[in-house]
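Novice: Pasting a structure here, questions to come.
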Amino acid sequence: DTGVSQDPRHKITKRGQNVTFRCDPISEHNRLYWYRQTLGQGPEFLTYFQNEAQLEKSRLLSDRFSAERPKGSFSTLEIQRTEQGDSAMYLCASSHRDSFANTQYFGPGTRLTVL
Amino acid sequence: AQSVTQLGSHVSVSEGALVLLRCNYSSSVPPYLFWYVQYPNQGLQLLLKYTTGATLVKGINGFEAEFKKSETSFHLTKPSAHMSDAAEYFCAVALWGGTASKLTFGTGTRLQVTL
């Protein structure tokens, strides 16, 4: 049984560079979520996919952020022109549409540090 | 809109003592409620959830929580703390009947267990 996986686990980049993160959900989970967690805070919702369709985006997701899930399986989150304020843990979660209460299972996260 | 308040950002207990982590929620409709645990540099692991039915919910690692609608609370307890329980704990709410059911998290409570 494989859980949600994320790659890379850590990313250090310089301000202004672009970065891309990948999330592989639990197989057969058709819903996929991205959250951002800054130090000392709880995760905050960024965006949500059902299959390949991006159905909801938070106001936190500025136009420098883009997320895709091209074939309804893995997803990527890209941040363009990174800023120091983007430093955070980026968490991916997945759930099955038929799951009662839509229980979400989280990956280990990608920790981004922008210098 | 829903929100979650976790009282106490840090809680310290002795090994073997009762653990009580507090969570109050605000929701305009019946909520789904969750507790997640996060170990350092890791993602979130689901401890337990309340959907409908029995208000006392049992989870993994000996934790349980009770949904009290009149108090809008969902406090997490464990009768006897173990050193391995030291972690950050997050309470979260999702709207009942919501399509996306994105999670709204509290700011977390760091549990310290001392000898």
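The values are calculated or read from the model by the stated rules, or taken from the named source; none is laboratory data. In this text the structure is predicted, and so the values were computed from the model without any measurement. Counting neighbours? That spans all protein chains shown, and the Cβs are built from the backbone with ideal geometry, glycine included. Note: accessible area is taken over every heavy atom of the protein model, side chains too, but ligands, DNA and RNA are not part of it. Shrake-Rupley method; radii C 1.70, N 1.55, O 1.52, S 1.80 Å.
Novice: Count, please, the residues in the range A:81-101 that happen to be under 17 Å from the mean Cα position of the chain (by Cα) and either open to solvent by 20 Å² or more (accessible area, probe 1.4 Å) or of a type outside the set (Ser, Thr, Tyr) (or both).
Specialist: The total comes to 9.
Novice: For the list (1) surrounded by 14 or more Cβ atoms within 10 Å (Cβ to Cβ); (2) part of a loop (DSSP other than H, G, I, E, B), I need the number of the one condition that A:PHE21 fails.
Specialist: Here A:PHE21 meets the rest and fails (2).
Novice: If you don't mind, another one. Could you list, in sequence order, the residues of the range B:83-110 that are in contact with an Asp or Glu (Cβ under 6 Å, 6 or more places away or on another chain) and buried (at least 20 other Cβ atoms within 10 Å of the Cβ)?
Specialist: Passing the criteria: only B:GLY108.
Novice: For residues that are part of a helix (DSSP H, G or I) and open to solvent by less than 80 Å² (accessible area, probe 1.4 Å), tally how many sit in the range B:40-82.
Specialist: 2
Novice: Can you tell me which residue is modelled with the highest pLDDT among those in the range A:44-86 that are of a type in the set (A, V, I, L, M) and assigned to a loop (DSSP other than H, G, I, E, B)?
Specialist: Within the range A:44-86, the match that is modelled with the highest pLDDT is A:LEU61.
Novice: Which ones in the range A:28-59 are buried (at least 17 other Cβ atoms within 10 Å of the Cβ) and of a type in the set (Asp, Glu)?
Specialist: Hit for the range A:28-59 is A:GLU44, nothing else.
Novice: Restrict the check to the range B:9-17 and report whether at least one residue is under 30 Å from A:ARG111 (Cα atoms) and without any contact (Cβ under 8 Å) to a residue 24 or more places away in the chain.
Specialist: Taking every residue of the range B:9-17 in turn, none turns out to be under 30 Å from A:ARG111 (Cα atoms) and without any contact (Cβ under 8 Å) to a residue 24 or more places away in the chain.
Novice: Residues being in contact with a helix residue (DSSP H, G or I) (Cβ under 6 Å, 6 or more places away or on another chain) and more than 8 Å from chain A (Cβ to nearest Cβ): count how many of those fall in the range B:19-46.
Specialist: Result for the range B:19-46: 0.
Novice: Can I ask one more? I want to confirm something. Restricting to the range B:1-18 and keeping residues that are within 30 Å of A:LEU112 (Cβ to Cβ) and in a strand (DSSP E or B), which single residue is nearest to the other protein chains (Cβ to nearest Cβ)?
Specialist: B:VAL4
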